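The values are calculated or read from the model by the stated rules, or taken from the named source; none is laboratory data. Quick caveat: nothing in here was measured; it's all calculated off a predicted structure. Cβ: placed from backbone, ideal geometry, glycine included. Neighbour counts: every protein chain shown.
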Amino acid sequence: MNSAELTTAPTKGGRGARERILKATVELFAREGIHATGIAKVTDVAHVSTRTLYQHFPSKEALVSAYLERLELEPGGPAEIETVLLREDLPPRERLIRLFAVPSGDDHSEYVVRGCPFHNTVVEAAGMMPDASSIVERHKRELAANLIATAEAAGASDAERLGRQLAVLFEGARALATSLNDTRPFHDAQNLAESLIDAAIALADPAQAAAG
């Protein structure tokens with residue numbers, strides 16, 4: 001995909017510049033990485049001048065922090081899968097299992113596994129972007145808390161333990177899939193998650209497990 005295909009506005013600057021910049025960072029940072037994406041590439045895709053970008057974001061770290069905050073709210077974005085834990089229209093067990101849904105894109109000639117953009121940001125930042133790292137830590141702690149709360153709602157015998165185990169499994173699968181550029185770790189994690197969830201629920205309610 002070239003810069004023209006990513007562009008959403010025909011003129012530089014003007015109203016909506018901040019929104020175009022954030023849209024460009026979501027597309028570029030998540031797919032190509034933060035270090036590989038220079039400010040010039042962002043301004044080109046967003047159709048803004050460098051001066052306009054720095055008026056909205058005084059440094060690249062400020063831009064990265066805004067990018068992370070945007071990811072948490074972006075419909076259809078790479079972090080959207082985590083919102084399944086908050087869906088009240090699904091039973092708690094189903095929410096936990098759906099978190100481990102295998103992402104689309106099994107054709108490796110066309111698809112590159114990018115994994116978790118929050119994790120990737122911390123790795124790329126290497127301790128040099130404390131504000132961005134703080135956002136990632138807060139996000140990951142919230143994910144773990146949501147897993148524990150959902151495990152408790154599902155009737156797990158030790159909800160905190162199950163929630164922490166699922167957090168490790170979720171993060172580990174995404175990291176390994178990225179390292180291997182292979183979606184099989186997602187499949188393995190999905191199977192393991194279902195086993196862990198059902199075992200924890202069975203321990204809390206042996207009669208239900210026997211009936212099943």
Residue among PHE118, PHE57, PHE100 that alone is surrounded by 14 or more Cβ atoms within 10 Å (Cβ to Cβ) and touching a residue at least 60 places away in the same chain (Cβ under 8 Å): PHE100
So which residues in the stretch 159-192 are of a type in the set (D, E, K, R) and not in a helix (DSSP H, G or I)? ASP182
Only unsatisfied item for ALA156, checking (1) more than 23 Å from ASN181 (Cα to Cα); (2) part of a helix (DSSP H, G or I), is (2)
Identity of the residue in the stretch 123-143, surrounded by 18 or more Cβ atoms within 10 Å (Cβ to Cβ) and aliphatic (A, V, I, L, M), that ends up farthest from the chain's Cα centre (by Cα): MET129
Select, from ILE201, ILE135, ILE197, the only residue that is in contact with a Gly (Cβ under 8 Å, 6 or more places away or on another chain) and of a type in the set (A, V, I, L, M). ILE201
Taking VAL123, is it at pLDDT 85 or above and over 14 Å from GLU69 (Cα atoms)? yes
Name the single residue, out of those in the stretch 70-82 being of a type outside the set (A, V, I, L, M) and in contact with a His (Cβ under 9 Å, 6 or more places away or on another chain), that is modelled with the lowest pLDDT. GLU72
Return yes or no: is ALA177 in contact with a Ser or Thr (Cβ under 8 Å, 6 or more places away or on another chain), of a type in the set (A, V, I, L, M, F, W, C) and closer than 18 Å to GLU80 by Cβ? yes
Whichever residue in the stretch 13-53 is surrounded by fewer than 17 Cβ atoms within 10 Å (Cβ to Cβ), in a loop (DSSP other than H, G, I, E, B) and touching a helix residue (DSSP H, G or I) at 6+ places or on another chain (Cβ under 7 Å) and, among such residues, is modelled with the highest pLDDT: SER49
Result of the Cβ filter at 8 Å on the stretch 164-188, keeping first residues that are in contact (Cβ under 8 Å) with a residue 40 or more places away in the chain and partners that are polar (S, T, N, Q), at least 6 apart or interchain, is ALA177/THR183; THR178/ASN120
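Okay, residues lined up against (1) under 25 Å from TYR67 (Cβ atoms); (2) basic (Lys, Arg); (3) in a loop (DSSP other than H, G, I, E, B):
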| site | (1), (2), (3) |
| --- | --- |
| VAL113 | yes, no, yes |
| HIS119 | yes, no, no |
| LYS140 | yes, yes, no |
| ILE148 | no, no, no |
